[in-house]
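What follows is a single structure, written as structure tokens, with notes after it.
The values are calculated or read from the model by the stated rules, or taken from the named source; none is laboratory data. These figures come from a predicted structure and were not determined experimentally. Because the Cβ atoms are built from the backbone with ideal geometry, glycine has one as well, and the counts that use them run over all protein chains shown.
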Amino acid sequence: MASRQKRKAAEVVEELPASQNVIAQFKSVDGESTGPPLNLPVNATPDQLEMLLNQLMNTSDDPQPYSFYVEETEITKNLWSDMKTKSTEESITIVYQPQAVFKVRAVTRCSSTLSGHTEAILSVAFSPDGTQLATGSGDTTVRIWDLNTETPQHTLKGHKGWVLYIAWAPDGKTLASGSMDNTVRLWDPKTGKALGDGLKGHTKWITCLAWEPYHLNSKANRLASSSKDHTVRVWDTSMRRMIMSISQHTAAVTCVKWGGEGLIYTASQDKTIKVWNSSGVLVKTLQGHGHWVNSLALSTDFVLRTGPYDHTGKRFKTEEEGQKLALERYQAAKGKQPERLVSGSDDFTMFFWEPEANKKPLARLTGHQKLVNHVSFSPDGRLIASASFDNSVKLWDGQSGKFIASLRGHVGPVYQICWSSDSRMLISSSKDTTLKIWDLKTKKIKLDLPGHLDEVFSVDWSPGGDKVASGGKDRQLKVWRH
């Protein structure tokens, strides 16, 4: 059997054009060798390498897409032009990484502009399965929009102050909103009715919300809220009571994340990030930033957000089945490594952490000229994108934190970024009234999406990849499609 594989691989190698050769060994990201060392022509292209690797792995009937790296440089043209050390004497290692099998198409046009909000839209979010869309606004309301007809569906009234943040429960059955009126409210997105009264306890406004991941709790009834009052509160949403209050920060808490291992991460204007276990006990304090910490991202964010739902739109029958699916997706996304965390700050830098393993940062990511407003891991965890008030978006390696590229094109501060679910594209929203879609292969603008009449505060790409929604100061919600 092995000899037939070798023979097939040799045939593919022979088909490549004659030129100088180099000895190359394919390795997976985890460092496992695939196949024997091969004598490859130096002008082998990524497509030829992909064909060869699929032969070696015996998947040529159902070929998988891969990207290839030599010494951490991606092979985009051919081995010779992308290799750092030009030598055919030494053998090289080609590290391959599988890419998403499905492809998301870039959204190209605005399919509808929806008005209704009477103040700026501050938060836009698709539900975990991508079938529902919600917006939170300075007009104190939350709105749910019908994505099939692209019309307003429900207006959720109850807050007395600006709605600063909205978050879908991982099962998509509850929507939470946090407001400047110091309360968290829960809504039934299907009927648009409030689930009881506001959750009271915070003494200042709510800055961020995070639900417990579905694979840890399929009842989806635990929610963490962070506030300017220096505390984080964890609520039982079915009993509508506070389970615990976490209060060791000495300034406003700007961001909260609930990780896949049950840890809660909080970032604060006291320059620290704190890690808590699910009983509210402080596990670690991550220090290093010289100014407010604005944004946190986990390498598993995408699977935690989508839980049991993947791009195929498959439905699960029971809660147990859903939880099992969510756990499988989480474990596949996490791989053999600990969950990684990246933090962006007003000190113009980002830090890269593995909080489960170590309280020292793995890397300090420098290069932005102004504050870092938003950080985000790609769904496959391989890249980090950061948005800054220096008008740029920067890309970093999701394993090492090394700088990859600057994406320039915006002429105003960039507020938010969001990845397509196949990790091949990135969309950014800016003060300059535009959205831009970036192609990760070329590191260039793929599409410019003008149309908003003022600053675009918030953008979200649906988990299935077919729609983008954006909102901002012009009070209009725009839905974009192919």
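What to note about this one:
- Of the residues K157, K190, the single one that is farther than 30 Å from P308 by Cβ and surrounded by fewer than 19 Cβ atoms within 10 Å (Cβ to Cβ) is K157.
- Strands (runs of 3 or more DSSP E) wholly inside segment 212-258 that include at least 2 residues being surrounded by fewer than 21 Cβ atoms within 10 Å (Cβ to Cβ) and assigned by TED's automatic domain parsing to the domain that holds N182: 241-246
- Residue satisfying all of: in segment 423-482; hydroxyl-bearing (S, T, Y) and over 19 Å from P413 (Cβ atoms); surrounded by the most Cβ atoms within 10 Å (Cβ to Cβ) among these: S462
- Qualifying residue in segment 61-75 (condition: more than 25 Å from the chain's Cα centre (by Cα), under 30 Å from G464 (Cβ atoms), in the same structural domain as D171 (by TED's automatic domain parsing) and assigned to a loop (DSSP other than H, G, I, E, B)): no
- For the condition at pLDDT below 95, within 22 Å of I121 (Cβ to Cβ) and either touching a Pro at 6+ places or on another chain (Cβ under 7 Å) or not aliphatic (A, V, I, L, M) (or both), G172 qualifies.
- Identity of the residue in segment 391-419, of a type in the set (A, V, I, L, M, F, W, C) and under 15 Å from the mean Cα position of the chain (by Cα), that ends up surrounded by the fewest Cβ atoms within 10 Å (Cβ to Cβ): L395
- If you go through segment 410-464 and keep only what is polar (S, T, N, Q), in a strand (DSSP E or B) and under 28 Å from A333 (Cβ atoms), you end up with Q416, S428, S429, S458.
- Of the residues making up segment 302-319, those that are at pLDDT 90 or above and surrounded by fewer than 22 Cβ atoms within 10 Å (Cβ to Cβ) are F302, R305.
- The listed residue being in a helix (DSSP H, G or I) and not assigned by TED's automatic domain parsing to the domain that holds T174, out of N54, N43: N54
- Test: R329 is touching a helix residue (DSSP H, G or I) at 6+ places or on another chain (Cβ under 8 Å) and not β-branched (V, I, T): yes
- If you go through segment 119-137 and keep only what is crowded, with 20+ Cβ neighbours inside 10 Å and farther than 22 Å from P379 by Cα, you end up with I121, L122, T135, G136, S137.
- Of the residues making up segment 95-118, those that are assigned to a loop (DSSP other than H, G, I, E, B) and farther than 24 Å from S378 by Cβ are S115, G116, H117, T118.
- Selected residue (only one of L16, L114, L38 is at pLDDT below 85, over 26 Å from Q399 (Cα atoms), among the aliphatic types (A, V, I, L, M) and in contact with a strand residue (DSSP E or B) (Cβ under 8 Å, 6 or more places away or on another chain)): L16
- Within segment 328-382, considering residues that are on the phi > 0 side of the Ramachandran plot and in contact (Cβ under 8 Å) with a residue 60 or more places away in the chain, the one surrounded by the most Cβ atoms within 10 Å (Cβ to Cβ): G381
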